[in-house]
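Participant: Take this structure first; my questions come after.
The values are calculated or read from the model by the stated rules, or taken from the named source; none is laboratory data. None of these values were measured; they are calculated from a predicted model. We place every Cβ from the backbone using ideal geometry, glycine too, and count neighbours over all the protein chains shown.
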């Protein structure tokens, strides 16, 4: 039986849990504050930042937005981060990506103190994830695990295939699925025989950045398919990396775009902010 995995509904449940935790901390005299740094006026980044601010307001977390000009120097940006690292009133720091070309994203990610790195991108938090220690988890992969669990999809012992090997989704996703006892394969742009590999997957997670690439002949009958991609078509509508119309006829579970993975990313960010305060 086919089921759409409703990311909005599950994210709303998680935000209610976070709201309750934030209220409990406030009663103990602990305020939670997320600082967001946005460089330039990229329209997509502005939408993402507004969504994060709205989520903070809803769950009872303070948010501070620091807007910096597009031509700011790398040194000035790093100095701003360092100032926030030492500000006891700020629990979490998020630098909205992408950054202008003249700024080294890697340097910026490493500049955020690991204990305020609510994105889970700092090498120290990535290392903690690798060896199974407690630390901030990257929001999108952590949200996908929640989507699977809340939908009653068993990961333990399942054949899991991830298409994509980015530091933000693909690699940490593999580590989280291993933590849940999944059997994990990572496929990417150089993988030979991609179709044969994806058709083995009980759980297929697609984060490849190619609109509507995965069609029904790439998926196993009855699989659970998570679509991380998001693209705007010429007609203005959004779509993912998965061809929803064809794939839904073959699988048991499928995330829509929009309304699947996206809301979960923000919900998990809110959860990381609470963890930073605690």
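Participant: Tally up the residues in the range 234-247 that are surrounded by fewer than 18 Cβ atoms within 10 Å (Cβ to Cβ) and more than 22 Å from the chain's Cα centre (by Cα), please.
Facilitator: Summing the residues that are surrounded by fewer than 18 Cβ atoms within 10 Å (Cβ to Cβ) and more than 22 Å from the chain's Cα centre (by Cα) in the range 234-247 gives 5.
Participant: Okay, next question. So, residue 145, is that one at pLDDT 95 or above, within 22 Å of residue 256 (Cα to Cα) and assigned to a strand (DSSP E or B) or not? Break it down into steps so the answer makes sense when it comes.
Facilitator: On the way: at pLDDT 95 or above: yes; within 22 Å of residue 256 (Cα to Cα): yes; assigned to a strand (DSSP E or B): no.
Judged against the criteria, residue 145 is not a match.
Participant: Of all residues in the range 232-264, which are assigned to a strand (DSSP E or B) and free of Cβ contacts under 8 Å to residues at least 24 places away in the same chain?
Facilitator: First, the residues of the range 232-264 that are assigned to a strand (DSSP E or B): 232, 238-239, 242, 253-254.
Within the range 232-264, 232, 238 meet the criteria.
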